Every structure is written in C-alpha cells, then in structure tokens.
Amino acid sequence: MNVGIKDIAKAAGVSKSTVSNALNGKKNVSDETKKMILDLCQELNYYPNAAGRSLKMSESRAILFNFSDFDRSFYLKIIEGIHDFASGNDFDLIICTSKSCEKYMRNSMTDGAIILDFRMENETLLRVARENYPIVVLDRTIECPYIESIAVNNSAPMADMVQGLVDRNYRNFAFLGGPEQTDDNKERYGAFLDVLSKNSIPFSRENYFSGDYRERSGGKAARIIMFMSEKPDVLVCANDNMAIGAIRCFREMGLRVPEDIGVTGFDDCELAKILGLTTVSIPNFERGYLAARRLIENIHGKRGEEKLIINPLIKWRKTVRQ
C-alpha cells in the first residue's frame, strides 16, 4: 500500500497542513506533535522527498539478501560477491532464508534487498518495494519501477549443452528438474525440449523427474532410474547439487559415469569442478557483486538502467562421453 500525507494526517489526528509543516520543520508545530508525526512516518515507511528522507534518525547502511536455503553451495559465491561490494561501500549485509524476512525489509533495519527465493511471492515484493526501499531480484522479472532484475540466460547455454550431447550421439534422455514454478527450471527444461524436438528425438514425460535443487533429490531420481527397464543414456539435471546426488547414487549402485550413463548439471559449484561434472558455469561471485552494486546505486537514487543479463558458459568435463 502506498502511504500518502493524508494517511499520516489521519493516523495522527491532525490536518494535512500540520503534517506538511512538521515535515518541513516549521515552528508553528509543537515538538510533541512533530515527534508524533515523525514517528508515524517512520512506522508507515513514508519518506516523500529529500526532506522526508532526513526523517530517518540514521541510515541503516545495511542491505538484505534473502535466499531459499543453505543446501545449495552456489549461494556462497553470491554472498561473497554481495559482501565484497557492500563492505567496500560501507554497507552491512543481513542474510535471511525465511519468508519471515519481510520484517527486515523496512528502512529502520535495511535500505534495500536482494531476492533469490522462489517462496518470496511477487505480491510481497510489490508491497514492500518503494522509492526509498529498492529491490533487486535474481530469479525473476517484475514490472515495477523500484524492482530491478539481474537474470541468468538459462535457455541459450542449456540448448547448446543439449545439442552438444546430441552431437556426442546421446539419444535416450532423462531430465531432472527443480521446483516447477521457478523461472530457472521452466527456461532450462524448455530449452532442453526444444533441442530434442529440433533433432527429432522423442522425449517421454516418464523420463522427467521432479526435484528440489537439493542433492538428495538427485539420489532419489537415480534410484528410480536404476529400476527402469530401459535406462536413459544421459541424465540432464537442472542444477549441480542434484547431478552430484545422482552421480553418487549411480556409483554406489554399480553404474559407471559416463560409461553407462552420462550426467550434466547447471551452476558450476566447487564440488562440480572436483568431480569433473559437465555443467553450465554461472559466474556467481560476479552475479552477487553486480546485484549489490545495482542495489546500492538504487539506494543512492540512480535508477532506470536496463535489465542485466548474465551469460553463462558450458564446461565440458568427464561425466559425459567426449
């Protein structure tokens, strides 16, 4: 809800002109009334202009990063990038992994937020975002002047990787997806299907497995695959954690990677490099750094730049045939 001077006047039980005089430091308003009005403005997050911004007793000099959970290791690089830019510009970083983080999304606690959590609903972000509380989202696009997006180009690298698998003579594909409502999963799965269709390779929905981006869901999918009468010759995973879980399970159950089945991921976490996982490498440190830079620029009043698109690169390693 957008709060205006009329709302402040109604809450304070005074006229709009009294609120205006208080905000502009006029002497015809008592100290008691002025304090009540300023307190209400802070409580209701009403900072209409440069004069209103000075209502803050002090800047929080802090930004919030909200993400899904601690199980996905690529977050560490994003956090490192955010912290690097924020600390270099004298901002503290608050990290939250719960829907309850909305209580931290107010000017008395933080000056803006970076969001990478599919559970945080668009309606919440639209309610919170305002001129003096900008938001940067890393997992979606929202039409709002106070919400900017830094997006990963999921489709092109996934398409190139799947085409590379086709060129390596893979024909029987399985796909392990993340939460189906997320833009990342929709884009990665859509690109996967497009390439198979262009190459006249059939894909059965029975070969689609639902995961949650966690390693254990990769293990669950791998165990199901082990009992299939016709096993796929390659499992394309929507992220690295699930791919790593699948590889570990395959090896525990005697299936060789890549000799018996190929596996690919998406993210390029540290463990992916150690295991030699073929994946799409997202520059997550830079992603976090750019998100913090864009957010702090917005906090300082600089807006209007176009959506930033990050283009990942494919890393061909030893979990697929060469």
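Just so you know, all these numbers are worked out from the coordinates, no wet-lab data involved. As the structure is a prediction and not an experimental result, all values here were calculated from the model. Quick reminder, even Gly has a Cβ in these numbers, built from the backbone with ideal geometry, and neighbours come from all protein chains shown.
Computed quantities for the displayed model
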quantity: Most mobile of Leu116, Leu40, Leu165 in a GNM of the chain (Cα contacts under 10 Å); calculated: Leu40
quantity: Tensor-based shape of region 61-112 (alpha-carbon gyration tensor, a/c under 1.5 rounded, otherwise prolate or oblate); calculated: oblate
quantity: Ranked Asp268, Asp90, criterion: other C-beta atoms within 10 Å, fewest first; calculated: Asp90, Asp268
quantity: Average silhouette area of region 155-282, convex hull of alpha-carbon atoms, in square nanometres; calculated: 7.0
quantity: In degrees, nearest ten, helix 284-299 long axis to first principal axis of the chain (Cα); calculated: 20
quantity: Isolated Cys in the chain, by beta carbon distance under 4.7 Å; calculated: Cys41, Cys144, Cys237, Cys249, Cys269
quantity: Scattering curve values for region 72-228, log₁₀ I(q)/I(0), Debye with Cα scatterers, q = 0.08, 0.12 Å⁻¹; calculated: -0.33, -0.68
quantity: DSSP-defined beta bridges in the chain - what % are antiparallel, rounded to 5; calculated: 10
quantity: Per DSSP, loop GluC sites (Glu not before Pro) in region 190-247 with at most 12 further Cβ within 10 Å; calculated: Glu230
quantity: Residue pairs, from the table Lys186/Lys315; Lys220/Lys273; Lys103/Lys307, whose Cα atoms sit over 24 Å apart; calculated: Lys103/Lys307
quantity: Per residue convex hull volume, Cα atoms of the chain, in Å³; calculated: 132
quantity: Packing-based exposure ordering (other Cβ within 10 Å, fewest first) of Thr97, Thr18; calculated: Thr97, Thr18
quantity: Principal-axis tilt of helix 183-198 within the chain, Cα atoms, nearest 10 degrees; calculated: 30
quantity: Gaussian network model of the chain, Cα within-10 Å springs - most flexible of Arg130, Arg214, Arg256; calculated: Arg256
quantity: Of Ser108, Ser217, Ser30, the one that fluctuates the most in a GNM where the chain has Cα springs shorter than 10 Å; calculated: Ser30
quantity: Fewest-first ranking of Ser210, Ser229, using other Cβ atoms within 10 Å as the exposure measure; calculated: Ser229, Ser210
